[in-house]
Amino acid sequence: MKKYQNFIGGKWVDAKSGDVFENRNPANWSEVVGTFPKSGREDVDEAVRAACSAFDRWRLVPVPQRGDILRRVGDLLSARKEELARLMTREMGKVLIETRGDVQEGIDTAYYAAGESRRLFGRTAPSELPKKFAMAIRVPVGVAGVVTPWNFPMAIPTWKIFPALLCGDTVVFKPASDTPATATALVEILLEAGIPEGVINIVHGGGSDVGMAIVEHPDVDLVSFTGSTPVGKKISAAAAVTLKRVALELGGKNAQLVMEDADLDLALDGVLWGAFGTTGQRCTATSRLVLHEKIYDTFMNMLVARTKKLRLGDGLSEDTDVGPVINEPQRKAIHQYVEIGVGEGADLVLGGKIATGDGLKNGWFYQPTIFGGVRPEMRIAKEEIFGPVLGVIKVKSLQEGVAVLNDTIYGLSSAIYTRDINKAFEAIRDIKAGITYVNAPTIGAEAHMPFGGVKQTGNGHREGGWTVYDFFTEWKTVYVDYSGRIQKAQIDTYHQ
Ligand code: NDP
């Protein structure tokens, strides 16, 4: 069993308290992946001090040089992809094909950042005065606090940390307590690639201790957070005290709409992947399936038959389709939602129990679960469950389907399956979500495209692609007057 440490100001250190916490394999809870420092406010203080002092130097490193380091990071991630994927599966349970994809997302994000290092474009504009030059350039912000969840332990930290570093910000990183080993491996790779001391710092520990200490710290200039909506609200309120900039990527209640003219086999592959991939624990997971009444019965039969064939097990086995859920409290929460659904009168057509077959007894496994006859007003249709539970709702038309899709406080991902181009475009226009897929599942973000949601899924920022660089830089407006005399802007010269 490995003993892990924080990395602060260029040194591997224990928590000042000396306390530790364990991280266990959710497919086999007797296996301890490692012990980690249970840090507190004093550890965060030290990390923020190191990041502040490193900022003075890092901001002056030319952006293409920062990009070269991130290109090396991409190379190292590629070289270690399999080893990292296996560590991640042991740590949080999802199957190897998905953990490899998670690392690949980090590789793509690294190479994108390296490419962006030769752009990071500003703008020039004509001045309203003669002999005056006007431009806006991007400058680093300062110390970035990065707080991340466990479901994409490599991809999500890279979506935040790589753009922050490329832009010249320094980082204090608090990963989820369920995935600290993958996060530490990422920091090790950043160091090996040449990130200087103090520029990246990792502090392990609980959310309300370490996470909140980062958010509240007066010398942290911005916070990028991905996690649940309730925690996002707390972070937003706490950050308001120091008026720091906050990017929030929060929960979802994503739906797939299947119209009567859809390719049903394609729609079936989509919903199986969307609902039960990552054991339903993606922010973009399909947790509602909205079926046109004309295909409802046929599709339900197809869905139940295929879901029954999904094989549960340890994600390290290539035969496994669905791994465990992350931990015992989460499994309990999922089961409570199943009881709520039964109590609300939904029709439990498959699953609904803790899975206890061969090889499952020592892990946090839950049966893939399907509710039919779900009505939009039910709690299981409105609240994020974050597990392998799918609620199916019947509708009569495209308009009703879109209204059901929109009937939630969240707005992350959405999908419509149809062969009718007119219906597809009407749905694209009317669905209130940050992402809409046509004839593809609700999951499948690409690293070079904006990622994020509307309503209570976020606060308007986007990760990924070119858009994330707006968050990690300030716009500085620069005027150069080469007239040699005072020129007064904003004077109404036409009417003088
Ligand atoms: P949480 O909100 O519980 O935790 C996310 C992170 O915040 C963890 O590092 C956690 O630490 C930390 N944290 C917890 N409480 C606080 C606090 N009071 N102050 C500061 N930090 C805190 O989410 P989960 O990790 O359970 O992740 C699942 C959630 O994330 C789902 O709601 C999912 O939809 C959402 N998500 C959203 C995505 C998006 O892009 N929109 C992508 C992926 C997930 P600790 O682990 O120590 O508790």
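Odds and ends about this structure:
- Out of F425, F451, sole residue that is aromatic (F, W, Y) and surrounded by fewer than 16 Cβ atoms within 10 Å (Cβ to Cβ): F425
- Hits in the range 391-400 - residues which are open to solvent by less than 50 Å² (accessible area, probe 1.4 Å) and over 23 Å from P230 (Cβ atoms): V392, I393, V395, S397, L398
- Assessment of the range 152-170 against the conditions (under 30 Å from E82 (Cβ atoms), open to solvent by 10 Å² or more (accessible area, probe 1.4 Å) and near the ligand (Cβ under 9 Å from one of its atoms)) yields at least one matching residue.
- Annotation for the range 39-58: no member residue is open to solvent by 30 Å² or more (accessible area, probe 1.4 Å), outside any helix (DSSP H, G or I) and not aliphatic (A, V, I, L, M).
- Remark: A403 falls outside the filter, which requires a residue to be buried (at least 17 other Cβ atoms within 10 Å of the Cβ), of a type outside the set (S, T, N, Q) and closer than 27 Å to L272 by Cβ.
- Test: residue in the range 270-281 that is in contact with a Pro (Cβ under 6 Å, 6 or more places away or on another chain), crowded, with 24+ Cβ neighbours inside 10 Å and hydroxyl-bearing (S, T, Y): yes
- Residue in the range 251-261 that is over 30 Å from G315 (Cα atoms), open to solvent by 10 Å² or more (accessible area, probe 1.4 Å) and more than 14 Å from the ligand (Cβ to nearest atom) present: yes
- Matching option when the condition is acidic (D, E), modelled with pLDDT of 95 or more, surrounded by fewer than 20 Cβ atoms within 10 Å (Cβ to Cβ) and over 16 Å from R49 (Cβ atoms), among D209, D219: D209
- Matching option when the condition is open to solvent by 10 Å² or more (accessible area, probe 1.4 Å), out of contact with any helix residue (DSSP H, G or I) (no Cβ under 6 Å at 6 or more places or on another chain) and over 28 Å from T242 (Cα atoms), among R123, R138, R100: R123
- Listed by first and then second residue, the pairs linking a residue in the range 12-31 that is closer than 30 Å to T279 by Cβ and acidic (D, E) to a residue that is open to solvent by 50 Å² or more (accessible area, probe 1.4 Å) and modelled with pLDDT of 95 or more, with Cβ atoms under 8 Å apart and 6 or more places separating them unless they lie on different chains, are E31/R24; E31/R90.
- Cβ-Cβ contacts under 9 Å between residues 6 or more apart (or on different chains), taken from a first residue in the range 101-127 that is touching a residue at least 40 places away in the same chain (Cβ under 8 Å) and among the aliphatic types (A, V, I, L, M) to a second residue that is open to solvent by 40 Å² or more (accessible area, probe 1.4 Å) and assigned to a loop (DSSP other than H, G, I, E, B), are listed as V103/R80.
- Lone qualifier among E46, E42, E31 - being farther than 30 Å from P140 by Cα and of a type in the set (D, E): E31
- Positions within the range 347-381 being within 16 Å of the ligand (Cβ to nearest atom) and either out of contact with any strand residue (DSSP E or B) (no Cβ under 8 Å at 6 or more places or on another chain) or open to solvent by 10 Å² or more (accessible area, probe 1.4 Å) (or both), in sequence order: W364, R379
The values are calculated or read from the model by the stated rules, or taken from the named source; none is laboratory data. Remember, it's a predicted structure, so these values are computed and weren't measured experimentally. Glycine gets a Cβ as well: all are built from the backbone with ideal geometry, and neighbour counts include every protein chain shown. To get the accessible areas, we keep the full protein, side chains included, count just its heavy atoms, and leave off ligands, DNA and RNA. Shrake-Rupley method; radii C 1.70, N 1.55, O 1.52, S 1.80 Å.
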